[in-house]
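What follows is a short report on a single structure.
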Amino acid sequence: MPILGEQKLVKKLKGGCHQSFTTLFHLYAKKLYNFSYKYTQSHAESEEIVQEVFLKIWNKRETINPKLSFNAFLITIAKNHIFNRIKKEASRRQYRNQIEHAELVTNETESKVIFADLEQIAKSKIEDLPPKRKQIFLLRRDSGMSVKEIAQKLGIAESTVENQMNKAIKTLKTNLSKFS
């Protein structure tokens with residue numbers, strides 16, 4: 001059961017008395033702050049909740065029942081406010097995670113497309129190499145043959161294989177550098 005003095009303050013508040021509102025604020029703000037802090041663990045959020053609850057009290061003052069406990073009324077409003085904040089934050093986090101996942105998938109897809117395009121360009125540039133240089137490059141890259149093995153297979157000097165590989169790589173780097 002509410003205190004008699006509290007009932008008078010709430011009746012005056014209901015009538016629009018600013019002084020009663022200020023008095024009730026000073027009586028309950030710290031208690032409401034401590035209650036909010038238990039849930040939020042944030043000083044700033046707890047202070048904001050106190051302000052928002054008392055703003056709601058002022059805006060809905062005509063509907064307050066002075067015969068009921070003002071303290072219980074405040075705590076109920078604060079609980080609802082805190083739980084609504086928690087729900088909103090959970091929704092925001094879930095939405096953020098969905099966006100990040102979508103961006104990751106998009107970036108991954110975009111990277112695959114870019115890689116496929118670059119691979120096509122590289123194949124085209126390899127095709128443009130002189131025939132013998134192209135053959136040496138492909139034997140080394142695709143077949144994994146050593147310089148010595150390529151030289152033996154083609155009946156040329158190892159230095160020629162190395163020279164042609166270096167020229168092929170230099171040509172490809174020059175041609176592909178404009179795409180990176």
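The values are calculated or read from the model by the stated rules, or taken from the named source; none is laboratory data. Predicted, not measured: the structure shown is a model, and the values here were computed from it. Here the Cβ positions follow ideal geometry from the backbone for every residue, glycine too, while neighbour counts run over all protein chains shown. Areas reflect the complete protein model, heavy atoms only, side chains present, ligands, DNA and RNA absent. Shrake-Rupley method; radii C 1.70, N 1.55, O 1.52, S 1.80 Å.
Calculate the tail of P(r) for segment 16-125: the fraction of all Cα-Cα distances greater than 25 Å, expressed in %.
48
Per the Kirkwood formula on distinct C-alpha pairs, the Rh of segment 1-72 is how many angstrom?
12.5
At 1.4 Å probe size, with every protein chain present, just tell me what the per residue accessible area of segment 124-180 comes to in Å².
Accessible surface, normalised per residue, equals 67 Å².
Excluding ligands, DNA and RNA, what is the solvent-accessible area per residue of segment 1-80 at a probe of 1.4 Å, expressed in Å²? Write out the running numbers ahead of the final one.
Values: 5070 Å² over 80 residues.
Accessible surface, normalised per residue, equals 63 Å².
Along the positive direction of the dipole of the chain (beta-carbon charges: Lys, Arg +1; Asp, Glu -1; about the Cα centre), which of L138, A78, G155 reaches farthest?
Farthest towards the positive end: A78.
Which order do R92, R85 take when ranked by solvent-accessible area (1.4 Å probe, heavy atoms of all protein chains), largest first?
Order by accessible area, largest first: R92, R85.
So what's the gap between the Cα centers of segment 64-82 and segment 136-152, to the nearest angstrom?
A separation of 83 Å, based on Cα centres.
In whole percent, and with a 1.4 Å probe on the protein chains, what portion of the accessible area of segment 2-46 is carbon and sulfur?
61
Please list Y95, Y37, Y28 in order of solvent-accessible area, largest first, computed with a 1.4 Å probe with all protein chains present.
On the way: Y95 140, Y37 65, Y28 25 Å².
Correct descending sequence by accessible area is Y95, Y37, Y28.
For segment 126-169, which whole percent of the accessible surface, found with a 1.4 angstrom probe, sits on carbon and sulfur atoms?
Carbon plus sulfur share of accessible area: 47 percent.
Mind scanning K11/K31; K153/K178; K87/K112; K31/K60; K8/K38; K12/K88 and naming the pairs with a C-alpha gap bigger than 32 Å? Write out the running numbers ahead of the final one.
Numbers: K11/K31 21 Å; K153/K178 34 Å; K87/K112 37 Å; K31/K60 21 Å; K8/K38 30 Å; K12/K88 35 Å.
Cα-Cα > 32 Å for K153/K178; K87/K112; K12/K88; rest within.
Taking the simple approach of a point 7 Å from Cα along Cα-to-Cβ for both S177 and A122, what is their distance in nm?
The answer from the label model is 1.8 nm.
In deg cm²/dmol, rounded to 500, what helix-only [θ] at 222 nm does the chain give when every DSSP H run of at least 4 residues adds -39500 (n - 2.57) and the total is split over its residues? Write down the numbers at each step before the final one.
Details: 7 runs with 148 residues, N = 180.
Taken over the chain, the calculation gives -28500 deg cm²/dmol.
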